[in-house]
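Undergrad: Okay, here's the structure, questions in a sec.
The values are calculated or read from the model by the stated rules, or taken from the named source; none is laboratory data. Everything quoted here is computed from the prediction, not taken from an experiment. Because the Cβ atoms are built from the backbone with ideal geometry, glycine has one as well, and the counts that use them run over all protein chains shown.
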Amino acid sequence: MDGSLSLLPPGYELNGAYDEAFEPDGSPRPGYEHLLRALSATSLDSVSTAVRGELAGRGVTFGDRHSTFPADPVPRVLAGEDWNVLSRGLAQRVRALQAFTADAYGERRMVAAGLIPREIIETADHFEPWMLDVPMPAWTYSPLAGPDIVRGSDGVLRVLEDNMRTPSGLAYLWALRAATDVHLPLDPPADRQEVGQAVERVRAALMAATPGGEGHAVLLSDGPSNTAWYEHRELARRLGIPLVLPGDVHMRGGRLMAMTEGRMRTVDVVYRRTDEDRLRDPATGKATWLAELLLEPCRNGRLACVNGLGSGVADDKLVHAYVEEMVRFYLGEEPMIESVPTYDLTDPGCRAEALARLDELVVKPRSGFGGHGLVVGPHARAEDVRAAARRIEERPKSWVAQETVTISRHPTVERCELVPRHVDLRSFVISAGDEPWVLPGGLTRVAFGAGALVVNSSQNGGGKDTWVVS
């Protein structure tokens with residue numbers, strides 16, 4: 001065994017999933033040898049403890065109890081040539097989704113062309129009829145997008161979800177980059193692409209969305225009750241804009257006003273990070289507090305909301321099944337990145353096919369998030385698969401089915417050794433006009449449990465830094 005092969009940790013299993021760091025023969029993939037060699041010569045437990053301590057000292061918290069954000073110190077490495085293809089595909093995809101959102105609230109050309117059923121738009125959980133026929137540039141619906149990327153056993157990167165409404169994670173990525181750079185036992189590669197320029201990109205997106213192209217911006221948060229309260233504070237600080245709570249803002253004379261810097265000021269753009277993101281209460285049909293504050297000034301063109309009111313129609317898990325067709329229809333291009341195949345269970349033929357092989361598929365609630373309500377057929381109990389089938393038969397429009405992807409694994413510290421754990425990638429696509437910019441890399445999310453596939457921080461998941469190197 002040569003020197004590179006010996007970098008495979010004892011007992012580290014390579015069977016069953018694509019490994020991001022190791023080739024099938026156990027040799028390091030490009031970009032990993034220097035990192036793995038440095039890790040093999042240090043105390044992994046000490047590095048992990050130091051990184052988590054650094055995050056705790058910086059107050060980087062997440063969750064209902066505002067615990068320190070769970071992090072792993074071993075960064076993921078993406079080769080520049082792979083990233084170039086992926087980033088172009090993500091920019092293309094976001095442009096198509098922005099065009100679809102504008103179309104869904106406007107002419108509905110894609111419906112007229114017979115490429116997506118009208119009912120899919122109108123039954124989407126976050127479709128907002130009150131935004132119909134409100135003139136908005138397409139890109140302003142989702143200036144900040146956060147597609148989730150997975151790599152399957154075939155090594156292909158695909159989009160699992162699009163997250164066009166309220167993507168989170170940017171501040172956690174910055175914190176992880178700072179903490180790992182301090183405590184990893186090696187200098188980062190000289191050709192690593194940096195992520196700090198995202199601050200200026202977000203600021204530019206806010207200003208470009210503002211009526212007239214300039215004005216007063218605020219970040220609207222729920223406050224400490226929000227699981228991402230740390231991120232809200234950090235984003236506002238870096239962007240140099242006031243952080244306001246619902247009680248700080250008022251609607252007056254068709255304009256939104258906020259108490260900032262000791263005086264009441266007109267607000268031109270709201271970066272909304274509240275848990276409330278609907279205009280109508282789903283139980284009563286009445287306006288939510290968000291609608292009472294933002295709807296009138298947004299409709300009359302005196303306020304911009306980032307992301308735009310109604311953007312959630314593009315976040316719908318059933319709409320996801322049609323994104324590649326959107327690329328062809330709106331852009332006249334072939335998709336550069338695939339979706340994880342998603343099945344429209346409202347279609348009788350598609351539903352019958354899915355039910356016949358439900359034990360091979362993943363079933364998701366159409367309006368779910370955070371990994372809740374998933375039934376992963378190959379890993380589920382027979383009775384859970386049967387229960388999922390009954391729910392689909394009763395309410396097919398409330399569920400989607402996707403092909404199961406054995407998502408890739410990455411070396412992760414557990415106590416004093418490296419073990420393979422499943423990962424995905426939260427990417428960040430920022431638009432300040434019609435040409436989106438894709439942050440190099442993103443936040444790699446990791447499932448800490450052995451064999452676990454759900455990477456969300458609310459379900460024993462955490463984050464890693466992601467290096468894009470030439």
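Undergrad: Within the stretch 189-201, is even one residue farther than 21 Å from PRO73 by Cα and in a loop (DSSP other than H, G, I, E, B)?
TA: yes
Undergrad: In the stretch 57-141, which helices (runs of 4 or more DSSP H) lie fully inside it and hold 2 or more residues that are crowded, with 21+ Cβ neighbours inside 10 Å, of a type outside the set (Gly, Ala, Ser) and touching a strand residue (DSSP E or B) at 6+ places or on another chain (Cβ under 9 Å)? Write out each step before concluding.
TA: Details: elements: 80-104, 109-112, 118-122.
Output list reads 80-104.
Undergrad: Among (1) assigned by TED's automatic domain parsing to the domain that holds ALA236; (2) buried (at least 23 other Cβ atoms within 10 Å of the Cβ); (3) of a type outside the set (Phe, Trp, Tyr), where does ALA179 come up short?
TA: (1)
Undergrad: Only one of VAL429, VAL469 is in contact with a Leu (Cβ under 8 Å, 6 or more places away or on another chain) and over 17 Å from SER168 (Cβ atoms); which?
TA: After applying the criteria, what remains is VAL469.
Undergrad: Can I ask one more? Has the stretch 106-116 got any residue that is within 20 Å of SER431 (Cα to Cα) and in contact (Cβ under 8 Å) with a residue 60 or more places away in the chain?
TA: No.
Undergrad: While we're on this one: Of everything in the stretch 242-270, what is in contact with a Ser or Thr (Cβ under 9 Å, 6 or more places away or on another chain) and within 26 Å of THR61 (Cα to Cα)? Give them in sequence order.
TA: PRO242, LEU243, VAL244, LEU245, PRO246, ASP248
Undergrad: If the Cβ limit is 7 Å and pairs must be 6+ apart or interchain, which residue in the stretch 452-470 that is part of a loop (DSSP other than H, G, I, E, B) pairs with which residue that is aromatic (Phe, Trp, Tyr)?
TA: From residues that are part of a loop (DSSP other than H, G, I, E, B), the pairs are ASN460/PHE448.
Undergrad: Continuing with this model, one more query. Would you be able to say whether some residue in the stretch 401-423 is assigned to a helix (DSSP H, G or I), crowded, with 16+ Cβ neighbours inside 10 Å and either modelled with pLDDT of 95 or more or not hydroxyl-bearing (Ser, Thr, Tyr) (or both)?
TA: Narrowing the stretch 401-423 to residues assigned to a helix (DSSP H, G or I): none.
No.
Undergrad: Then there is this: Being in a helix (DSSP H, G or I) and among the β-branched types (Val, Ile, Thr), is that true of even one residue in the stretch 216-225?
TA: no
Undergrad: Here is a further query. Between GLY442, GLY433, which is within 27 Å of ILE337 (Cβ to Cβ) and within 17 Å of the chain's Cα centre (by Cα)? Can you show your working first?
TA: Details: GLY433 fails: within 17 Å of the chain's Cα centre (by Cα).
Exactly one of GLY442, GLY433 is within 27 Å of ILE337 (Cβ to Cβ) and within 17 Å of the chain's Cα centre (by Cα), namely GLY442.
Undergrad: Could I ask something else about it? Residues in the stretch 30-40: is at least one polar (S, T, N, Q) and crowded, with 20+ Cβ neighbours inside 10 Å? Give the steps one after another, and end with the answer.
TA: Let us first name the residues in the stretch 30-40 that are polar (S, T, N, Q), namely 40.
In the following step, the residues that additionally are crowded, with 20+ Cβ neighbours inside 10 Å were identified as none.
Within the stretch 30-40 (the criterion being polar (S, T, N, Q) and crowded, with 20+ Cβ neighbours inside 10 Å), the answer is no, since none of the residues qualifies.
Undergrad: Only residues that are in a loop (DSSP other than H, G, I, E, B) and either touching a strand residue (DSSP E or B) at 6+ places or on another chain (Cβ under 6 Å) or surrounded by fewer than 17 Cβ atoms within 10 Å (Cβ to Cβ) (or both): list them for the stretch 228-244, please.
TA: Within the stretch 228-244, GLY240, ILE241, PRO242 meet the criteria.
Undergrad: Assess whether GLY262 counts as being free of Cβ contacts under 8 Å to residues at least 40 places away in the same chain and out of contact with any Gly (no Cβ under 6 Å at 6 or more places or on another chain). So that I can check it myself, show each step before the final result.
TA: Details: free of Cβ contacts under 8 Å to residues at least 40 places away in the same chain: yes; out of contact with any Gly (no Cβ under 6 Å at 6 or more places or on another chain): yes.
In short, yes.
Undergrad: Quickly run through the stretch 151-188 and pick out the residues that are of a type outside the set (A, V, I, L, M, F, W, C) and part of a strand (DSSP E or B).
TA: Hits for the stretch 151-188 are ARG151, ARG158, GLU161.
Undergrad: Let me ask you something else. For the stretch 326-360, which residues satisfy the criterion of being modelled with pLDDT under 95, among the hydrophobic types (A, V, I, L, M, F, W, C) and not in a helix (DSSP H, G or I)?
TA: Selection gives VAL340, LEU345.
Residues checked against (1) of a type in the set (Gly, Ala, Ser); (2) surrounded by fewer than 21 Cβ atoms within 10 Å (Cβ to Cβ); (3) outside the structural domain of ARG158 (by TED's automatic domain parsing); (4) part of a helix (DSSP H, G or I):
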residue	(1), (2), (3), (4)
GLY247	yes, yes, no, yes
MET259	no, yes, no, no
TYR271	no, no, no, no
ASP277	no, yes, no, no
PRO282	no, yes, no, no
CYS305	no, no, no, no
LEU309	no, no, no, no
GLU324	no, yes, no, yes
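Undergrad: Sticking with this one: List the residue pairs whose Cβ atoms are under 6 Å apart, where the first residue sits in the stretch 23-52 and is closer than 21 Å to ALA190 by Cβ, the second is of a type in the set (D, E, K, R), and the two are 6 or more positions apart or on different chains.
TA: That search, which allows pairs on different chains as well, returns ARG29/GLU23.
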